[in-house]
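To start, the structure itself, in structure tokens.
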Amino acid sequence: ATPTSIMVGTGRGAEMGVLFRKGEALQLLKDAKVVAVDKTGTLTEGRPVLTDLEIADGFDRNQVLAKVASVESRSEHPIARAIVESAVEGGIALPTMTDFDSVTGMGVRATVDGARVEVGADRFMRELGLDVSGFARTAERLGNEGKSPLYAAIDGRLAAIIAVADPIKSSTPAAIAALHQLGLKVAMITGDNARTAQAIAKQLGIDEVVAEVLPEGKVEAVRRLKATHGQIAYVGDGINDAPALAEADVGLAIGTGTDVAVESADVVLMSGNLQGVPNAIALSKATIGNIR
Ligand code: ADP
Ligand code: MG
């Protein structure tokens, strides 16, 4: 491509809210084979709400929710906000909490009212030596509904299964259709539960799913996609996505996302949604594609 065509393409991108931080990205995008996408905050709103709470025998609903929300009040995860909001809306006071600790990709824990409380994914519970099979049927149903199941343990006993649901952005289905139209495959990479991820992928017609990955696992997933498919574009919004954005051939950050993601990206999507991706690829094809 000539410097002029890059300048023209970059300018046209800016007009449509696609900011190229590197001119090279405009040249590379036309050869992308797969667009790998983070789920939470990219495909979905990133504002989950608590939808289900099932309490184990011997526990009191409001007491469990109070303890869990108290622990979550210190977490910055979107799941945490959903749980705290639900407790506050229910008029439940949050008891004081100490010794808060966040276990990356797993969940959170703290001491509340003298009780040890852990909240997080099923793998977190298993790591604590807890058997979650009593909630297996509920977890299966929640996952099939596209909801994310979480568990709460109090003093080493499984106390509840909690579900949060994060609505899909209204712009997402059309953006995925546009990517397919351009001949690309779409892959979802998420730390979320596999069944939940599959349900959402099916709903959106996503071609490939990598679920239950830790933040560092996203980079590994991008590497594997590169090895099997060729050029990979990665789209994300979170701190967790920064390494994957850097690893991909082209990293595209959702403009409303975290600063760390934006700084790790080659392209910033000011629209705040996925539609910027097919727009950027189409632009690359139009400005670079036929000028070789
Ligand atoms: P994701 O982008 O899927 O949220 P994370 O690595 O942030 O990836 O979290 C992975 C999983 O760990 C979440 O899906 C959830 O099951 C669990 N988790 C993380 N933080 C919390 C929290 N504050 N409360 C409950 N569960 C959590
Ligand atoms: Mg995200």
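In square nanometres and to one decimal, what's the mean projected area of the convex hull around the Cα atoms of the chain? Please list the in-between numbers first.
Details: hull surface 60.9 nm².
Seen from a random direction, the Cα hull of the chain projects 15.2 nm² on average.
Can you give me the angle between helix 215-229 and the longest principal axis of the chain, using Cα atoms only, in degrees from 0 to 90, rounded to the nearest 10?
40
What is the Cα radius of gyration of the stretch 112-216 over 2.2 N^0.38 Å, N being its residue count?
1.28
Starting with the fewest neighbours, write out Glu72, Glu145 ranked by other beta-carbon atoms found within 10 Å of each beta-carbon.
Ascending Cβ contact count within 10 Å gives the list Glu145, Glu72.
Taking neighbour counts of Cβ atoms within 10 Å as a proxy for exposure, in what order, fewest first, do Tyr151, Tyr234 appear?
Tyr151, Tyr234
Given the DSSP H assignment, sum -39500 (n - 2.57) over each helix run of at least 4 residues in the chain and divide by its residue total; what's the result at 222 nm in deg cm²/dmol, nearest 500?
Taken over the chain, the calculation gives -12000 deg cm²/dmol.
So if R0 is 22 Å, what FRET efficiency would Phe59 and Ala194 give, r being the distance between their Cβ atoms, rounded to the nearest 0.05?
The formula returns an efficiency of 0.20 here.
Going by how many other beta carbons lie within 10 Å of each one, how would you line up Ser271, Ser133, fewest first? Numbers along the way, then the final one.
Details: Ser271 17, Ser133 10.
Ranking Ser271, Ser133 by Cβ neighbours within 10 Å, fewest first, gives Ser133, Ser271.
Which listed residue (Gln27, Pro78, Gly105) has the Cα farthest towards the positive end of the charge dipole for the stretch 1-118, taking +1 on Lys and Arg C-beta and -1 on Asp and Glu C-beta about the Cα centre?
Gln27
Let's see if you can work this out: charge +1 on each Lys and Arg Cβ, -1 on each Asp and Glu Cβ, no other charges. What is the dipole magnitude of the chain about its Cα centre, in debye to the nearest 20?
1020
Once phi is turned into θ = phi - 60°, what whole-Hz ³J(HN,Hα) does the Karplus curve with 6.51, -1.76 and 1.60 give for every residue of the stretch 29-34, x standing for Gly and Pro?
4, 5, 9, 4, 9, 10
If you take every DSSP beta bridge fully contained in the chain, what fraction is antiparallel? Give it as a percent rounded to 5.
So the antiparallel bridges amount to about 65 percent of the total.
For the stretch 236-244, just list the computed ³J(HN,Hα) in residue order, Karplus coefficients 6.51, -1.76 and 1.60, θ = phi - 60°, integers in Hz, with x standing in for Gly and Pro.
Running phi through 6.51 cos²θ - 1.76 cosθ + 1.60 with θ = phi - 60° gives x, 10, x, 4, 4, 8, 3, x, 5 Hz.
Which cross-chain or sequence-distant (5 or more) residues have an amide H under 5 Å from the amide H of Gly105, H modelled 1.01 Å from N in plane?
Under 5 Å from the amide H of Gly105: no residue qualifies.
Return one number: the angle in degrees, 0 to 90 and rounded to the nearest 10, between the long axis of the Cα atoms of helix 194-204 and the longest principal axis of the Cα atoms of the chain.
40
What ³J(HN,Hα) values, in whole Hz, does the Karplus curve 6.51 cos²θ - 1.76 cosθ + 1.60 give for the stretch 131-144 when θ = phi - 60°, with x put for Gly and Pro?
8, 9, 5, x, 9, 4, 5, 5, 4, 5, 4, 4, x, 5
Please get the size of the charge dipole for the stretch 26-119, origin at its Cα centre, with Cβ charges of +1 on Lys and Arg and -1 on Asp and Glu, quoted in debye to the nearest 20.
I would put it at about 360 debye.
Can you list the lysines whose alpha carbon sits under 22 Å from that of Lys30, skipping same-chain ones fewer than 8 residues off?
Cross-link targets: Lys22, Lys185, Lys226, Lys285.
Only the coordinates and a few stated rules stand behind these numbers; no lab work does. Computed from a predicted model, the values in this text were never measured in an experiment. Cβ: placed from backbone, ideal geometry, glycine included. Neighbour counts: every protein chain shown.
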